[in-house]
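Novice: Have a look at this one before I ask anything.
The values are calculated or read from the model by the stated rules, or taken from the named source; none is laboratory data. Just so it is clear, the model here is predicted, and its values are computed rather than measured. A quick note on method: Cβ atoms are made from the backbone with ideal geometry, for glycine too, and the neighbour counts reach across all protein chains shown.
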Ligand code: ASP
């Protein structure tokens, strides 16, 4: 069924400080512009979400690709997932340390692998065998993040509960509807600051940080990953749409559930096959942008609860 294309992106749900708002809004706007051009030319939702996420992985403002948070040992470990709503094909990578654009590796898994998910060295080997250049982990680390980790680790002894604070999380994600009526979703992250080596968050797990099904909706989430994963929140939200909720309402319901059931915090973007959009978060801010014919919007506050 022919549709009017829509592209929605987010750049993470957290307490974005005032002096970082502009960089976040510019970043999501740019990503939405790149994804939108794919859709405008008649390209697929899958290509559009991949290209939009690559822009944000390449932007050091965000917790994805170079510039991501460091784990407890001072390394970058990245997770990403991409999913196609028509076929439910999906590709995910977890704990990769030498891939600049994990979403490209995830896309290769979606298209060229009998598997859905590869982690660590196996994922890196697959990426290299499929034409992606590997980098050094050091190439993904920037001084801002070394400083951030040092400060946190220095404070940790004093504040053992720091992990549950609304600490910085700027995971990125994109969802799209193309002219052919197909939905797709993608999410990419460096995870949480000071995480244990090998920790996998919600972002790259199917149905948790990302989901797409033409029969319901496409979703990408951000926020404190452990509660989001326990609630399988992206799938939960698309199921609400399938049973009749409009995305705007389903997005709000998802964030209420996250807060009420597990005292979690985060945000979600949601899009159905009719092009209806839902954006919600219970963090002070979440960077987001929407593009469709005659509509270009971006901001850091929407439906805040
Ligand atoms: N959900 C991500 C994680 O827990 C973090 C984020 O959204 O920024 O890994």
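Novice: Hey, can you tell me all the residues within the range 189-213 that are touching a helix residue (DSSP H, G or I) at 6+ places or on another chain (Cβ under 7 Å), in a strand (DSSP E or B) and within 10 Å of the ligand (Cβ to nearest atom)?
Specialist: Scanning the range 189-213 gives no hits.
The rows are residues; the columns are (1) closer than 20 Å to residue 35 by Cβ; (2) touching a helix residue (DSSP H, G or I) at 6+ places or on another chain (Cβ under 7 Å).
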{"residue": "57", "(1), (2)": "yes, yes"}
{"residue": "64", "(1), (2)": "yes, yes"}
{"residue": "68", "(1), (2)": "no, yes"}
{"residue": "75", "(1), (2)": "no, yes"}
{"residue": "83", "(1), (2)": "yes, no"}
{"residue": "96", "(1), (2)": "no, yes"}
{"residue": "99", "(1), (2)": "no, yes"}
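Novice: Please go through the range 165-190 and pick out each residue that is crowded, with 24+ Cβ neighbours inside 10 Å and out of contact with any strand residue (DSSP E or B) (no Cβ under 6 Å at 6 or more places or on another chain).
Specialist: 178
Novice: Only strands (runs of 3 or more DSSP E) wholly contained in the range 1-98 count here; list those with 3 or more residues that are over 14 Å from the mean Cα position of the chain (by Cα) and at pLDDT 95 or above.
Specialist: Because the criterion is at least 3 residues that are over 14 Å from the mean Cα position of the chain (by Cα) and at pLDDT 95 or above, the strands (runs of 3 or more DSSP E) in the range 1-98 that meet it are 90-96.
Novice: Checking residue 253 against (1) within 16 Å of the ligand (Cβ to nearest atom); (2) at pLDDT 95 or above, which test does it fail?
Specialist: Every listed condition holds for residue 253 apart from (1).
Novice: Within the range 214-239, restricting attention to residues that are crowded, with 24+ Cβ neighbours inside 10 Å and part of a helix (DSSP H, G or I), which residue is farthest from the ligand (Cβ to nearest atom)?
Specialist: Going through the qualifying residues, I end up with 238.
Novice: Turning to a different aspect of this structure: Assess whether residue 280 counts as being touching a strand residue (DSSP E or B) at 6+ places or on another chain (Cβ under 9 Å), farther than 20 Å from residue 81 by Cβ and assigned to a strand (DSSP E or B).
Specialist: Taking the combined requirement at face value, the residue satisfies it.
Novice: Would you check if residue 300 is free of Cβ contacts under 8 Å to residues at least 60 places away in the same chain and either in contact with a strand residue (DSSP E or B) (Cβ under 6 Å, 6 or more places away or on another chain) or surrounded by 24 or more Cβ atoms within 10 Å (Cβ to Cβ) (or both)?
Specialist: Answer is no for this residue.
Novice: Same structure, new question: Within the set of pairs 6 or more residues apart or between chains, which connect a residue that is over 28 Å from residue 216 (Cβ atoms) and touching a residue at least 60 places away in the same chain (Cβ under 8 Å) inside the range 178-201 to a residue that is within 8 Å of the ligand (Cβ to nearest atom) and in a loop (DSSP other than H, G, I, E, B) with Cβ atoms less than 6 Å apart?
Specialist: From the range 178-201, the pairs are 190/63.
Residue-by-condition table, conditions (1) without any contact (Cβ under 8 Å) to a residue 40 or more places away in the chain; (2) over 15 Å from residue 189 (Cβ atoms):
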site: 13; (1), (2): no, no
site: 23; (1), (2): yes, yes
site: 31; (1), (2): no, no
site: 36; (1), (2): no, yes
site: 67; (1), (2): no, no
site: 75; (1), (2): no, no
site: 86; (1), (2): no, yes
site: 97; (1), (2): no, no
